[in-house]
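Novice: Quick one: the structure is below, and I'll ask about it shortly.
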Amino acid sequence: MSQMTAMKRKSIHTLAETLSKQVQHFSKAEVEGLIGLYHELLGGSAAQGRAVTGLDRSRFRTLLYNMFGMTDDMIMDGVFRTFDKDNDSFVNEKEWVEGLSVFLRGTLDERIKYCFNVYDLNNDSYISREEMFQMLKESLIRQPSEEDPDEGVKELVEMTLKKMDYDHDGRLSFDDFKKAVKEENLLLEAFGTCLPDTTNIEKFEQQVFQKQVKP
Amino acid sequence: MGVTLTKAAQWTSSGTGKLELTPMNESLLKEVLRSVEQLFSRHPQESEHVFEEPLQWSTTLVASDFKTDYDISEFNVQSNEKDSEGQPLLRLSPPTVYVRSFSQLSKLLHLAADKKLEEARTCLEENRDALVKILGPRFADILEREDTQTDPVDEDTSEDSEVKVKLFRLLQNMDQQLLSKLLEEISEHVRLDPAAANSDVESLKQFCRGGDGRLLKSVRYTSDYEFSNGCRAPPWRQVHGEICYLITEPCDTEDLHITCSTGGVYLNAGIKQEGAESGYERTSDTYTDLPTLLKSRSPYFAEHINKQMPKKDSTSKTQSKSVQMEDQGQPQRSQAGKKKYEPSPRWSNQGLVPPCGKVEENNPGREKSGKKKQATGAKGKLKAEFSLSSLPGRMTPQKSKTLAGAMELSSDSSTEDEDEEELSERRLQIQIEQSPDYWLIYKLVKFLKRGDQTATVLCLCAMLDLNLMQEGCQLDIWDIGGVEVLLNLLDSDEVKCQIGSLKVLRKISHSMLICQTILDMDGLQSIVKILDRPYKDLKALAAETIANVARFRKARTTVRRCGGIEKLVKLLDCLPTLANMSPNQEKDVEVAHCGVLALWSCSKCNRNKEAIRVAGGIPLLGRLLRSPDVNMLIPVVGTLQECASEECYRIAIKNEDMIKDLVQNLSSDNNELQMHCASAIFKCAEDKETSDLVRKYNGLEPLVLLLGKAEDKKLLAAATGAIWKCSICMKNVAKFQEHKALESLISLLTDQPIDVLINVVGAIGEFAKVAANRGIIRKCKGINPLINLLTETNQALLVNVTKTVGACAIDRDNMAVISQLDGVRFVWSLLKNSSTEVQSSAAWALCPCIENAKDAGEIVRSLVGGLELIVNLLKSTNIEVLASICAAISKIAKNKENLAVLTDHEVVPLLAKLTNTTDERLCLHLAEAIGHCCMWEGNKASFGEAGVVAPLVDYLKSNNSAVHYHTTMALYQLSKDPNNCITMNEKGVVKPLILIMGSDDEKLQEAAAGCVRNIRLQALAGKIPPPKKISIGTAKRCGKGL
């Protein structure tokens, strides 16, 4: 048993070393901590002896909900999709560490890219009217008097497009999005909260990194 | 029944035409049933009348329910009673039943027993046109219209129709009974509330407008004071349910004194003012509402109000009834088949739009819009579109401070159209030009109220794209109620919303109106609270917004009261001088910049200056003063110069070595910064050490250089001020003259704003204390403009000008110029100025003028009333004025003729009255004046009689040698009168005089000796008891020995 954990620890160690060279914002110890958490999250299914390819969608969403208080399904799926770069429906260790590097400590440019990917629901490199509508659908409280309850949302979408669609092609390209955010940082999370706030980041980092240092 | 059913019954709004299960409907149905039964029993003949068409509905009754008199065959039932053509009067083919007479109807209901209510309901629901079916279209029409005047009989004479008419009458009666029954029930609920009363009055006020066409002359409350519950009646009357009292002036009758109470409105005995108890008595019937009362009292009003709104002609009773039902908050379908709600009949009757904007009245600054709400009497068409259910909510005053409140308002079930209509109306009233973005802003604000965080941020970003600095845009946001929404966002915990909101607020807060609104809505408290949040962006934005809002006193006080100063001072803590700053440190500096901007705004109030100091702001400001960034320096120096009005700040500026930085920044290339630096030096340099420091740090040269920037008047004022205060120190004057400051200053004596002139003249006055400079002033032709300035009215300027003219007059050549320009007259006339400072300053200036003018006596005499004026000023209570006048008198008295005039004007007793003073300056000049006035024969004795000798002797106890000098001179003159010598001797004058004889001033020695000699002579003559040890010999010895 102890041998196994020792082996595991060793493998984590090596992996952490390689990853910490590839990923910008984390030290080696921090990467180790993150991988530790990763395995902890996987722990349940590993014990059952099934082959584990990585963190699946539901586990990932639970994490987002518990740790970062995210509730919007669409956004959480988007975050998962953004983490899962190879599109195999699992987040592996590398994707996990890379993703969190942006998620927790990304520079503005990195975060712009990340947010854009989250909002690009169908992965076609554009945020279309329809996608915006999907994401903003619940953002206005309905008024009973309104004939078309989606009217407000539609107007909101048009307003947003007018503001952000610099090339006037009726959809947001990455360049549009980047330019708009650079101009007004508030637009980074224009279509829903997909990044943690400072307090949650602090809480998370404290929890993960400090815990890993002790053992 | 017709009216009752169509108007009063509460139909569901679903469109299927069901009667709602409300208590109202239930009692209505019961009444209908009772009437039908009554009809059958009381009017058998009429109840036999066969309906034009059968009433048919799906019944719950089955064949087995029917008994005798009916032909029952399995499921179907037919009545035995048949009409003239043999058709059964009742026929049941399940589930439908057909009934063709009231008797059958009544029997059927009887059979239905407990289910009859249900039956009646279905019957009425399915026979919405029951009357048409019963009587035929023509009669039903008449009944519906309720036109009781037109008798249908004369058109129809057949026997059948006679019965019909009777039935018609019966039904009509029934209808009325039903209504009155209902009304009774409703009137139990009739309760006016203050809001309703208020809106009634507002609408009536509407009628007072429109010149000759108006319906009323005036409507006003007896009291302007409104209690918090909306009532205007005094509390002891509110106990009786009274809300307010009105005085209405109709066009045709005398004034009506009306009481509005919760039970209705009625005339009172005439309440003119609060107090007279008898006035509250009720003198008329109680009416349900104001218009009804007015209609009954003023025929003119009744006639014209109906003209205005001829559309409705139902009785007002019915109308007020339906209003009440709405007030109970039950949705009501006014007319079957139509989907839209009707307006409240009370309003539609008057051609008014329901006052949907009433809520706004509690909004500060919105009263205007509230009052003019009904300005669209003509827009009667509109009203059909208005939703009734919104009315009660809208009329209740509510303060919607919270986000929830705001949302509730916006979700009030009014439709989009009317909102817009209303908005544009309000727009008209305020008469602001709509900006092209008005509707966009309107939409954005609406979304802000309804949106979650994401939508809110998007809307705020869209708002930021507007031209928020433009006044039109700011007013639009204000107009739509955007300020309130933005402030509500600040109270949320969402950082992004707060940031967005502040980004908007900091821009629109350039409008004073918006600042005022923020203050009124307690927004500053929310903003100050944000300074505690741990986000730097947020702090910076909050501070910047405070900087904008705190432009008026009340806002500044509010910032202090909610602890804002302390929090702002904390923001200043950063390291501005670091060479390589981390992004975090840069952020700190930015926060500090915003913090100091806010403090600058706040520092315009003295108690805030104190609060900044107490919070430890001075050293932090000192640290920021070393920043290399001009943008940082401007507010820092701005705050410092603002605070430098306080002694403690001036000391701090000196002790914390801020002068060095201030001087350094005088050479900045930013005019504003230079201006604030110069201004700070201006305020501090009165202190000798400070002005020495300015010289030490080479600050004088840059100040002189600033005189070249004559186009920037503020800068020029500050720079000349600094030069003025620095030139109080003679070493500085010498230094200034190395840079030819005086010449530059003289060139600034013309065509400058008043604050520049004050400082320039002040500075020249200081320069003129040096003899060489007086010549320069003349040579540079400075005297002419100076004399011209004597005719200005600004008192601060006049003080400086007179001082400077006085200083120039010391030079005889200058004086010649001054006399030539009639300067003495101008200065003299300033003695009449209301300011004591100007008076004294002018009097001081007169002294050198009179001394140095060639024919001074002549000049003085030529001023008609001048001497009288100056003597009268001895009655002043201001010590400085008295001293200066005494000095002037002593100069004037040197001329014998003038002295004679002065004596005529009773200068002696006036001077004598002043001798009790302890003020050294006054003593000095008083003694001098007395001395000179003694030159007129007789005055010596008069002074003695007036008792000046004893106090004068006391002046010799002073330590001031100048006082000694003039007192001795005066005493010497006085001693020429024997009686005075006796008094002097008694007061023990000899001893101090002998000491004075030891002085090095020959004139003084002689005077003292002369005085003693006079005393001695009197003693020798035997008038004085021999002195103890003093003899003339000693005096002479002393005198000659020196």
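The values are calculated or read from the model by the stated rules, or taken from the named source; none is laboratory data. Keep in mind it's a predicted model, so treat the numbers as computed, not measured. Cβ coordinates were reconstructed from backbone atoms using ideal geometry, including for glycine residues, and neighbour counts include every protein chain displayed.
Novice: Given the criteria farther than 19 Å from B:Glu792 by Cα and not charged (D, E, K, R), does B:Leu745 qualify? Write out each step before concluding.
Specialist: On the way: farther than 19 Å from B:Glu792 by Cα: no; not charged (D, E, K, R): yes.
For B:Leu745, the condition - farther than 19 Å from B:Glu792 by Cα and not charged (D, E, K, R) - is not met.
Novice: Read through the list (1) surrounded by fewer than 19 Cβ atoms within 10 Å (Cβ to Cβ); (2) on the phi < 0 side of the Ramachandran plot; (3) in contact with a helix residue (DSSP H, G or I) (Cβ under 8 Å, 6 or more places away or on another chain); (4) not aromatic (Phe, Trp, Tyr), then give the number of the only condition that B:Glu647 fails.
Specialist: Result: B:Glu647 fails condition (3) only.
Novice: Then there's this: Out of the residues in the range A:161-210 that are closer than 30 Å to A:Lys28 by Cβ and among the charged types (D, E, K, R), which is farthest from the other protein chains (Cβ to nearest Cβ)? I'd like the intermediate steps shown before the answer.
Specialist: The initial filter retains those residues of the range A:161-210 that are closer than 30 Å to A:Lys28 by Cβ, namely A:188, A:194-210.
When the remaining residues are screened for being among the charged types (D, E, K, R), the result is A:197, A:202-203, A:205.
On the way: A:Asp197: 7, A:Glu202: 10, A:Lys203: 14, A:Glu205: 16 Å.
Filtering the range A:161-210 for residues that are closer than 30 Å to A:Lys28 by Cβ and among the charged types (D, E, K, R), the one farthest from the other protein chains (Cβ to nearest Cβ) comes out as A:Glu205.
Novice: Could you check B:Leu572 against (1) surrounded by fewer than 20 Cβ atoms within 10 Å (Cβ to Cβ); (2) of a type in the set (A, V, I, L, M, F, W, C); (3) within 21 Å of B:Gln641 (Cα to Cα) and say which number it fails?
Specialist: (1)
Novice: I've got another one for you. Any chance the range A:185-207 includes a residue that's hydroxyl-bearing (Ser, Thr, Tyr) and over 23 Å from A:Leu37 (Cβ atoms)?
Specialist: We begin by selecting, within the range A:185-207, every residue hydroxyl-bearing (Ser, Thr, Tyr); these are A:193, A:198-199.
From what's left, over 23 Å from A:Leu37 (Cβ atoms): none.
Among the residues of the range A:185-207, not one is hydroxyl-bearing (Ser, Thr, Tyr) and over 23 Å from A:Leu37 (Cβ atoms), which makes the answer no.
Novice: Could you list, in sequence order, the residues of the range A:108-128 that are more than 12 Å from the chain's Cα centre (by Cα), at negative phi and either within 14 Å of chain B (Cβ to nearest Cβ) or not in a helix (DSSP H, G or I) (or both)?
Specialist: Those that are more than 12 Å from the chain's Cα centre (by Cα), at negative phi and either within 14 Å of chain B (Cβ to nearest Cβ) or not in a helix (DSSP H, G or I) (or both): A:Leu108, A:Asp120, A:Leu121, A:Asn122, A:Asp124, A:Tyr126, A:Ile127, A:Ser128.
Novice: Sticking with this one: What number of residues in the range B:535-575 are among the aliphatic types (A, V, I, L, M) and within 14 Å of another protein chain (Cβ to nearest Cβ)?
Specialist: Taking the range B:535-575 as the starting set, the residues that turn out to be among the aliphatic types (A, V, I, L, M) are B:538, B:540-543, B:546-547, B:549-550, B:555, B:559, B:565, B:568-569, B:571-572, B:575.
Applying the additional criterion that residues be within 14 Å of another protein chain (Cβ to nearest Cβ) yields B:538, B:540-541.
The qualifying residues number 3.
For every residue, the table says whether it meets (1) over 16 Å from B:Ala1007 (Cα atoms); (2) modelled with pLDDT of 85 or more; (3) assigned to a loop (DSSP other than H, G, I, E, B).
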residue: B:Thr918; (1), (2), (3): yes, yes, yes
residue: B:Cys923; (1), (2), (3): yes, yes, no
residue: B:Leu926; (1), (2), (3): yes, yes, no
residue: B:Gly931; (1), (2), (3): no, yes, no
residue: B:Leu952; (1), (2), (3): no, yes, no
residue: B:Thr967; (1), (2), (3): no, yes, no
residue: B:Ala970; (1), (2), (3): no, yes, no
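Novice: Out of all the residues in the range B:770-816, which are within 15 Å of B:Leu745 (Cα to Cα) and part of a loop (DSSP other than H, G, I, E, B)?
Specialist: B:Cys780, B:Lys781, B:Gly782
Novice: What is the residue count in the range B:599-611 for residues that are within 22 Å of the chain's Cα centre (by Cα) and either buried (at least 22 other Cβ atoms within 10 Å of the Cβ) or outside any helix (DSSP H, G or I) (or both)? So that I can check it myself, show each step before the final result.
Specialist: Narrowing the range B:599-611 to residues within 22 Å of the chain's Cα centre (by Cα): B:601-608.
Within this subset, residues satisfying the condition of being either buried (at least 22 other Cβ atoms within 10 Å of the Cβ) or outside any helix (DSSP H, G or I) (or both) are B:601-605, B:608.
Number satisfying all stated conditions: 6.
Novice: Looking at the range B:638-730, what helices (runs of 4 or more DSSP H) fall wholly within it and have at least 3 residues that are polar (S, T, N, Q)? Reasoning before the result, please.
Specialist: Working: elements: B:647-655, B:658-666, B:671-684, B:688-696, B:700-706, B:713-726.
Passing ranges, in order: B:671-684.
Novice: Of all residues in the range B:446-505, count the ones that are buried (at least 21 other Cβ atoms within 10 Å of the Cβ), among the polar types (S, T, N, Q) and within 13 Å of chain A (Cβ to nearest Cβ).
Specialist: 4
Novice: Report yes if some residue within the range A:131-149 is in a helix (DSSP H, G or I), within 13 Å of chain B (Cβ to nearest Cβ) and more than 24 Å from A:Lys85 (Cα to Cα); otherwise report no. Outline the logic, then answer.
Specialist: As a first pass, look at the range A:131-149 and keep what is in a helix (DSSP H, G or I): A:131-136.
Filter once more, so that each one left must be within 13 Å of chain B (Cβ to nearest Cβ): A:132-136.
Narrowing the set further to residues that are more than 24 Å from A:Lys85 (Cα to Cα) leaves A:133, A:136.
Yes.
Novice: Here is a follow-up. Of all residues in the range B:915-939 being surrounded by fewer than 23 Cβ atoms within 10 Å (Cβ to Cβ) and more than 17 Å from B:His964 (Cβ to Cβ), which is nearest to the chain's Cα centre (by Cα)?
Specialist: If we take residues in the range B:915-939 being surrounded by fewer than 23 Cβ atoms within 10 Å (Cβ to Cβ) and more than 17 Å from B:His964 (Cβ to Cβ), then B:Asn916 is nearest to the chain's Cα centre (by Cα).
Novice: Next question, about the same structure. Name every residue in the range B:871-901 that is closer than 18 Å to B:Thr915 by Cα and either free of Cβ contacts under 8 Å to residues at least 40 places away in the same chain or in contact with a strand residue (DSSP E or B) (Cβ under 8 Å, 6 or more places away or on another chain) (or both), in order of residue number.
Specialist: Correct list: B:Val871, B:Asn872, B:Lys875, B:Thr877.
Novice: State which residue is surrounded by the fewest Cβ atoms within 10 Å (Cβ to Cβ) when the search covers only the range B:95-106 and only residues that are farther than 11 Å from B:Gln56 by Cα and without any contact (Cβ under 8 Å) to a residue 60 or more places away in the chain.
Specialist: Once the filter is applied, the top-ranked residue is B:Ser101.
Novice: Suppose the filter is within 14 Å of chain B (Cβ to nearest Cβ), under 30 Å from A:Phe209 (Cβ atoms) and polar (S, T, N, Q); does A:Thr71 pass it? Explain how you work it out, then say what you get.
Specialist: Details: within 14 Å of chain B (Cβ to nearest Cβ): yes; under 30 Å from A:Phe209 (Cβ atoms): yes; polar (S, T, N, Q): yes.
Taking the combined requirement at face value, the residue satisfies it.
Novice: Give me a count of the residues in the range B:978-1001 that are assigned to a loop (DSSP other than H, G, I, E, B) and either at positive phi or crowded, with 22+ Cβ neighbours inside 10 Å (or both). Talk me through it step by step, then tell me what you get.
Specialist: Going through the range B:978-1001, the residues assigned to a loop (DSSP other than H, G, I, E, B) turn out to be B:987-989, B:997-1001.
Going one step further and asking which of them are either at positive phi or crowded, with 22+ Cβ neighbours inside 10 Å (or both), we end up with B:988-989, B:997.
Residues in the range B:978-1001 being assigned to a loop (DSSP other than H, G, I, E, B) and either at positive phi or crowded, with 22+ Cβ neighbours inside 10 Å (or both): 3 in total.
Novice: Kindly indicate the residue of the range B:834-844 that is closer than 19 Å to B:Gly865 by Cβ and crowded, with 17+ Cβ neighbours inside 10 Å and also nearest to the chain's Cα centre (by Cα) among those meeting that condition.
Specialist: Residues of the range B:834-844 that are closer than 19 Å to B:Gly865 by Cβ, as a first pass: B:834, B:838-839, B:842-843.
Next, only the ones that are crowded, with 17+ Cβ neighbours inside 10 Å stay: B:838-839, B:842-843.
Details: B:Val838: 36, B:Gln839: 38, B:Ala842: 42, B:Ala843: 44 Å.
The extreme case among them is B:Val838.
Novice: While we're looking at this one, here's another question. Of all residues being among the polar types (S, T, N, Q) and closer than 23 Å to B:Glu868 by Cα in the range B:801-833, which is surrounded by the fewest Cβ atoms within 10 Å (Cβ to Cβ)? Just the residue, please. Can you show your working first?
Specialist: In the first step, residues of the range B:801-833 are kept if they are among the polar types (S, T, N, Q); the result is B:802, B:804, B:814, B:819-820, B:829, B:833.
Now narrow it down to the ones that are closer than 23 Å to B:Glu868 by Cα: B:802, B:819, B:829, B:833.
Numbers: B:Thr802: 31, B:Ser819: 20, B:Ser829: 15, B:Asn833: 17.
Per the stated criteria, the residue is B:Ser829.
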